[in-house]
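What follows is calculated from the coordinates using simple rules that are stated; it is not laboratory data. Given the structure is predicted, the values throughout are model-derived calculations rather than measurements. When we count neighbours, we look across all protein chains shown, and the Cβ atoms used for this are built from the backbone with ideal geometry, even at glycine.
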Amino acid sequence: MRLTFTEQEIQQELNKIYLEEDDLLMEGEWLEGEGRHYIISGVATIEGERYHEFEIEFELLEDPQEQTAVGILSVDWDWYDFLC
């Protein structure tokens, strides 16, 4: 299943994730996956450099309450890895 962030979600910055361990700000464009396993794609900012079409694979600690992009991102991650 592929989910795209709406314009309203983007304006409210609900598509943004900050990974403190890696000092990475991810601005998600879409999510793809099912269950607890997903890939988010978008623009990543690392040390002031922007990387387009950056992908992060991740697994959730629990099933999301809502099958929406924002609902999925509201659940804590068990692990993640960079794909690009």
Selection status of residue 18, free of Cβ contacts under 8 Å to residues at least 12 places away in the same chain and touching a strand residue (DSSP E or B) at 6+ places or on another chain (Cβ under 6 Å): yes
Hits in the range 32-56 (condition: surrounded by 17 or more Cβ atoms within 10 Å (Cβ to Cβ), among the small types (Gly, Ala, Ser) and farther than 19 Å from residue 12 by Cβ): 33, 41, 44
Qualifying position, being outside any loop (DSSP other than H, G, I, E, B), touching a His at 6+ places or on another chain (Cβ under 7 Å) and surrounded by 14 or more Cβ atoms within 10 Å (Cβ to Cβ), among 59, 29: 59
Residues being touching an Asp or Glu at 6+ places or on another chain (Cβ under 7 Å), surrounded by fewer than 11 Cβ atoms within 10 Å (Cβ to Cβ) and assigned to a loop (DSSP other than H, G, I, E, B) - total across the range 1-22: 1
Residue among 39, 56 that alone is in contact (Cβ under 8 Å) with a residue 40 or more places away in the chain, touching a Leu at 6+ places or on another chain (Cβ under 8 Å) and of a type outside the set (S, T, N, Q): 39
